[in-house]
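Engineer: Mind looking over this structure? Questions follow.
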Amino acid sequence: MAQSHLSRRAVLGRGALGILAVACGSGRLSRIWSAEPENGDLIARQATPYNAEPPLAKLVENWMTPVNSFFVRSHGTVPAIDPKQFTLKVEGLVDKPLSISLAELIERFPAASTTATLTCAGNRRSEFAAIKKVSGVQWEAGAIGNAEWLGVRLVDLLKHVGVKAGAKHVWFDGSDVITEKNETFSFGGSIPIEKSLVTTATGATLLATQMNGQALTAAHGFPLRTVVPGFIGARSVKWLNKITVSDRPSPNHFVADVYKLVPEENAELIAKTSPIYEFMLNSAVCLPASGANLSGDRVTVKGFALTNGATGRSIKLVEVSADGGQTWVPAKVTSPVRDFCWVLWSVDVPLTSKTDSLIVRATDSSGEIQPQVSPWNYKGYQFNGWHKISVKRA
Ligand code: MTE
């Protein structure tokens, strides 16, 4: 499919909370943002900052998740950015530091797209409660979605500015303001330089301006965000305004302190633990809904499965059990299969008179199988135990 950026006027005049820039006769933009939240089909898990996920049934309607069914995870305010004033800075270990407007960015670099699943590291956090309740947004399994992103490839921008010897990491800074424990800071991410330099269509890290053929909405990072295929959502920084090439990971709070897998709150341990990059092998039952009353001898079960985000991994097997994990029925993949994207699956399972749950587990092409119980970490990240929903027999 031919790729093109939205017209300059469309990108500069669209997006954001509701509607936006109204062009005057002279072509000047008279109004920038309205402030309506984009709820779409989402269930709010937190009102301020707005964090929301779709009912799971929505996720299996389309392999490409529509924007209004796509989860929103924001740590702070949604910034109101005037795309005409917007500039992206590129600095650090580069030969030619750069400050570039949005219009120049999309005019100077070729349009590139990638389809990638974004998932929050905190997805399924609420299930840790079975072990011990973890604080934070109580996500069920819907903080995940798959979309086609369009923008420019980070590698093209980095080649343009020239990366100096010694560069090992690329930092991303967002424009949002976050207040936690009386401290105020912005959101940042960081990825190893190798991930920034990938050139394949499926693996390329993007500076995205569009999601599913439309300008990014404000909640999803208008006017510019990173999309890092295979990495946890936290590395796909929204409202991106600065890229820094460095010899070390970003010191930003969300790289240095948060989004790490540690068993307890221990500063020394946190400091020496690497940030999470790739997501984890996972799957979930999306249909029927938890608590459903099932009649008859069989039920059609649908859901999603996702690899751990490593290049070249794919889902080899998805199995569903209606008898508490004693026997398993293989599911059929019903969606396209692509690197860094979830698969959707479906299976007809026989029920017994005693069926009181439906359980799913996935196995990937390396032979890795989802653990029955997710490993513990005190922040509640990367829950990937077998997904089990309760059902009743009618
Ligand atoms: N970028 C900024 N600037 N601020 C944020 O709070 N949240 C991150 C990431 N990028 C965040 C951000 C997290 S934790 C996730 S999971 C994804 O954005 C969610 O992207 P979405 O809201 O478009 O689904």
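Engineer: Treat the range 346-394 as a sphere of radius equal to its Kirkwood radius over Cα pairs and apply Stokes-Einstein at 37 °C in a medium of 0.692 mPa s; give the translational diffusion coefficient in µm²/s, rounded to a whole number.
Structural biologist: Rounded, D is 252 µm²/s.
Engineer: Below 8 Å between Cα atoms, with a sequence gap of 6+, how large is the relative contact order for the chain in percent?
Structural biologist: Relative contact order comes out at 16 percent.
Engineer: While we're here: Can you give the extra length, in nm with one decimal, that the chain gains between ALA310 and ALA80 once fully stretched, where that is 0.36 nm per residue apart less the Cα-Cα distance?
Structural biologist: Once the chain is fully extended between ALA310 and ALA80, it gains 79.3 nm.
Engineer: Over the chain, average the accessible area per residue using a 1.4 Å probe and give it in Å², no decimals.
Structural biologist: 42
Engineer: What is the gain in length, in nm to one decimal, between SER101 and LYS133 on full extension, counting 0.36 nm per residue of separation less the C-alpha to C-alpha distance?
Structural biologist: 7.0 nm
Engineer: Calculate, axis by axis, the spread of Cα positions in the chain along the three principal axes, and write the results as whole Å, longest axis first.
Structural biologist: 69, 53, 43
Engineer: Please arrange VAL177, VAL152, VAL373 by accessible surface area, largest first, computed with a 1.4 Å probe and ligands excluded.
Structural biologist: Final ranking, largest accessible area leading: VAL373, VAL177, VAL152.
Engineer: Moving on. Using only protein heavy atoms and a 1.4 Å probe, report how much of ASP297 is accessible, in Å² to the nearest 10.
Structural biologist: It works out to around 120 Å².
Engineer: Computing the accessible area with a 1.4 Å probe over protein heavy atoms, can you report the carbon and sulfur percentage for the range 196-291?
Structural biologist: For the range 196-291, the apolar C and S fraction of the accessible surface comes to 53 percent.
Engineer: What value, in deg cm²/dmol to 500, does the helix sum -39500 (n - 2.57) over DSSP H runs of n ≥ 4 give at 222 nm once divided by the residues of the chain?
Structural biologist: My calculation for the chain gives -2000 deg cm²/dmol from helical runs alone.
Engineer: Need one value: the accessible area of GLU265 in square angstrom, 1.4 angstrom probe, rounded to the nearest 10.
Structural biologist: About 130 Å², ignoring ligands and nucleic acids.
Engineer: Which FRET efficiency, nearest 0.05, do THR202 and ASP257 yield, Cβ-Cβ r, R0 30 Å?
Structural biologist: Computed FRET efficiency for THR202 and ASP257: 0.45.
Engineer: Additional query: Over 17 Å, how big is the tail of the calculated P(r) for the range 296-337, in percent of all Cα pairs?
Structural biologist: 42
Engineer: Sticking with this structure for a sec: Compute the distance in nm between two label points, each set 7 Å from the Cα along the Cα-to-Cβ direction, one at ALA57 and one at VAL333.
Structural biologist: A separation of 2.7 nm, rounded to one decimal place.
Engineer: Mean separation of Cα pairs under 8 Å and 6+ residues apart, divided by the residue count of the range 69-139: what relative contact order is that in percent?
Structural biologist: Relative contact order of the range 69-139: 19 percent.
Engineer: In what sequence, largest accessible area first, do LEU98, LEU197 appear using a 1.4 Å probe?
Structural biologist: Solvent-accessible surface, decreasing: LEU197, LEU98.
Engineer: Can you compute the modelled spin-label distance between SER390 and ARG298, with each label point 7 Å from Cα toward Cβ, in nm?
Structural biologist: About 2.8 nm separates the two model spin labels.
Engineer: Taking the Cα centroid of the range 146-176 and of the range 54-94, what is the distance between the two, rounded to the nearest whole Å?
Structural biologist: Distance between centres, Cα-based: 17 Å.
Engineer: Work out from phi, with θ = phi - 60° and the Karplus expression 6.51 cos²θ - 1.76 cosθ + 1.60, the ³J(HN,Hα) of each residue of the range 376-386, listed in order in whole Hz, and give x for Gly and Pro.
Structural biologist: Values, residue by residue: 7, 8, 6, 8, x, 9, 6, 5, 9, x, 3 Hz.
Engineer: Please compute, for the alpha-carbon atoms of the range 277-318, the extent along each of the three principal axes and give them in descending order in Å.
Structural biologist: 42, 19, 8
Engineer: Next question, about the same structure. Below 8 Å between Cα atoms, with a sequence gap of 6+, how large is the relative contact order for the range 206-247 in percent?
Structural biologist: That works out to 32 percent.
Engineer: Separate question: For GLU268, put the label point 7 Å out on the Cα→Cβ axis and report which residues of the range 219-261 keep their amide N under 14 Å from it.
Structural biologist: Residues passing the 14 Å test: none.
The values are calculated or read from the model by the stated rules, or taken from the named source; none is laboratory data. As the structure is a computational prediction, the values presented were derived from the model and not from experiment. Neighbour counts are summed over all protein chains in view; Cβ atoms, including those assigned to glycine, are modelled from backbone coordinates with ideal geometry. The area values use the complete protein model at the heavy-atom level, side chains included, leaving out ligands, DNA and RNA. Shrake-Rupley method; radii C 1.70, N 1.55, O 1.52, S 1.80 Å.
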